[in-house]
Amino acid sequence: MTQRTRVGIVFGGTSSEHDVSCLTAGGVSRAIDSERFEVVGIGITPSGRWVQVDADEVRELRKQGDELPRLDESRPTAVLLPGADGASARIATIVGDRLVDVRGFDVAFTLLHGPFGEDGTIQGMFEMLGITYVGSGVAASANGMDKDLMKRTLAASGLPCCRFVTVTDRQWKQEREASLKRIAALGFPVFVKPARGGSSVGITKVDAVDELEQAVLFAQKFDPKLVIEEGVLGAREVEFAVLGGRGGAPRVSLPGEIVMRTDGAFYDFDAKYVSDDDAILKVPTAMDDDLRVRAAEVAARTFEAMGAEGLARVDLFLTADGEVLVNEINTMPGFTHISMFPALWAASGIDYTALITDLIEQALERPVGLR
């Protein structure tokens, strides 16, 4: 039997999306082609310690009722080691002054969401250690995570976005009135967001100026830098999944659409991961051919403008008059059973297992370092 490729599933992390990452790791581990790939579980606890997790444990990570899975802090600390002379990277547990249970892996599949995982930090560590990994590199990950830098990059590339303002911690403390005026100039409603967050954590929809301060203070619990976006009234929210082209143009899925069951509601954390009743995910969604082609082209251009690799989900607004606006790019979208990224590719002819295989193969084909 051909030796299986060892895939280091890296999950958990210190961000507010720790539980979502654990949920994603369980989904990927259950769906991976076990005849071709061997899972090596690499967890990061909420406090930031690296730990080893048996493959069977990773596969059992799932939602229990309304409770999302979470790594506990009782496991012994592990350490990540680079490979030597072209050998695979390794993860080992520390016991006293010894390294035990040393396990090698050939490629890292990082399923961390949010800061310190999706934002270029761990990608930079992999680059320095010479570890092959799935997904975008340092710059695309960092700029994709920071909604301010992302929107500036897209605008410089000629891609259409909704209007926004950025408010730093210093500006809010020292130039509050001027900041409030800049926000109010967008009109209402607006969405107040942590600049470097994900999964809709910390986001508030604001309908009047007297609600802004509370929304800002709430978002600042997650990030001192905020992005405030205009509400695009009457627009459809559609999403495209994008895969690296493997030598050609990026591959773009059929479109999906999020429709909230309650008027005025938005797709927040609970709607994404906890409740099964708040939103309807249309996969694929109906769209006339001309609009679908134009929107898919914007999604592909967004992927390339950001320098993304491997995978991304591109979220768009389609206005009533047919304009296509980029909302954001997510360089490490969720892989849960209700996530749009795998659902969109399944509707487009690539099932969950084949999708994971494609991403691992892309990573193995790509050299480490500058490219």
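The values are calculated or read from the model by the stated rules, or taken from the named source; none is laboratory data. Bear in mind the structure is a predicted one, so any value in this text is a computation, not a measurement. Here the Cβ positions follow ideal geometry from the backbone for every residue, glycine too, while neighbour counts run over all protein chains shown. In case anyone asks, the SASA skips ligands and DNA or RNA and just uses the protein heavy atoms, side chains included. Shrake-Rupley method; radii C 1.70, N 1.55, O 1.52, S 1.80 Å.
Close Cβ contacts (under 7 Å, 6 or more residues apart or on different chains) running from residues in segment 329-340 that are more than 19 Å from Val10 (Cα to Cα) to residues that are assigned to a helix (DSSP H, G or I) comprise Ile329/Gly144; Ile329/Met150; Ile329/Thr302.
Restricting the first member to segment 220-241 and to residues that are over 18 Å from Val192 (Cβ atoms) and assigned to a loop (DSSP other than H, G, I, E, B), and the second to residues that are open to solvent by less than 10 Å² (accessible area, probe 1.4 Å) and not acidic (Asp, Glu), the beta-carbon pairs closer than 8 Å and six or more apart or on different chains are Ala235/Leu318.
Out of the residues in segment 351-366 that are hydrophobic (A, V, I, L, M, F, W, C) and open to solvent by less than 50 Å² (accessible area, probe 1.4 Å), which is nearest to Arg4 (Cα to Cα)? Out of the qualifying residues, it is Ile360. Across segment 184-197, the qualifying residues are those that are of a type in the set (A, V, I, L, M) and assigned to a strand (DSSP E or B), and the one among them that is farthest from Ala142 (Cα to Cα) is Val190. If the condition is being more than 12 Å from Val227 (Cα to Cα), polar (S, T, N, Q) and touching a residue at least 60 places away in the same chain (Cβ under 8 Å), then segment 152-211 contributes Thr153, Ser157, Ser199, Ser200.
Just to check your reading of the model, which residue among Leu71, Leu61 is open to solvent by less than 20 Å² (accessible area, probe 1.4 Å) and part of a loop (DSSP other than H, G, I, E, B)? After applying the criteria, what remains is Leu71. Note on segment 242-252: residues that are open to solvent by less than 10 Å² (accessible area, probe 1.4 Å) and not in a strand (DSSP E or B) total 1.
Residue by residue through segment 109-119, note down the ones that are in a loop (DSSP other than H, G, I, E, B) and within 19 Å of Ala89 (Cα to Cα). Those that are in a loop (DSSP other than H, G, I, E, B) and within 19 Å of Ala89 (Cα to Cα): Leu111, Leu112, Gly117. Selection within segment 1-22: residues that are part of a loop (DSSP other than H, G, I, E, B) and open to solvent by less than 10 Å² (accessible area, probe 1.4 Å). The member of this set that is modelled with the highest pLDDT is Gly13. When each of Asp223, Asp315 is tested for being at pLDDT below 95 and closer than 25 Å to Asp148 by Cβ, the lone residue that passes is Asp223.
Kindly establish whether Glu35 is among the acidic types (Asp, Glu), without any contact (Cβ under 8 Å) to a residue 40 or more places away in the chain, closer than 27 Å to Gln362 by Cβ and surrounded by fewer than 16 Cβ atoms within 10 Å (Cβ to Cβ). Taking the combined requirement at face value, the residue satisfies it. Residues in segment 324-350 that are open to solvent by 50 Å² or more (accessible area, probe 1.4 Å) and modelled with pLDDT of 95 or more: Ala346, Gly349. With respect to the stated conditions, Ala156 is loosely packed, with under 15 Cβ neighbours inside 10 Å, more than 22 Å from the chain's Cα centre (by Cα), over 22 Å from Arg366 (Cα atoms) and of a type in the set (A, V, I, L, M). Residues in segment 198-218 that are closer than 21 Å to Met332 by Cβ and part of a helix (DSSP H, G or I): none. Please indicate, with yes or no, whether at least one residue in segment 70-78 is in contact with a strand residue (DSSP E or B) (Cβ under 6 Å, 6 or more places away or on another chain), at pLDDT 95 or above and β-branched (Val, Ile, Thr). Yes. Would you say Gly135 is crowded, with 22+ Cβ neighbours inside 10 Å and in contact (Cβ under 8 Å) with a residue 40 or more places away in the chain? When the stated conditions are applied, Gly135 passes them. Applying the criterion of being farther than 30 Å from Val283 by Cα and in contact with a Leu (Cβ under 8 Å, 6 or more places away or on another chain) to the residues of segment 214-241, the residue that is most open to solvent (accessible area, probe 1.4 Å) is Gln220.
Conditions (1) more than 29 Å from Arg366 (Cα to Cα); (2) in contact (Cβ under 8 Å) with a residue 60 or more places away in the chain; (3) in contact with a Leu (Cβ under 9 Å, 6 or more places away or on another chain), marked per residue:
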| position | (1), (2), (3) |
| --- | --- |
| Met287 | yes, no, yes |
| Asp290 | yes, no, no |
| Ala300 | no, no, no |
| Glu304 | no, no, no |
| Gly307 | no, yes, no |
| Gly310 | no, yes, yes |
| Arg313 | no, yes, yes |
| Ala320 | yes, yes, yes |
| Glu323 | yes, yes, no |
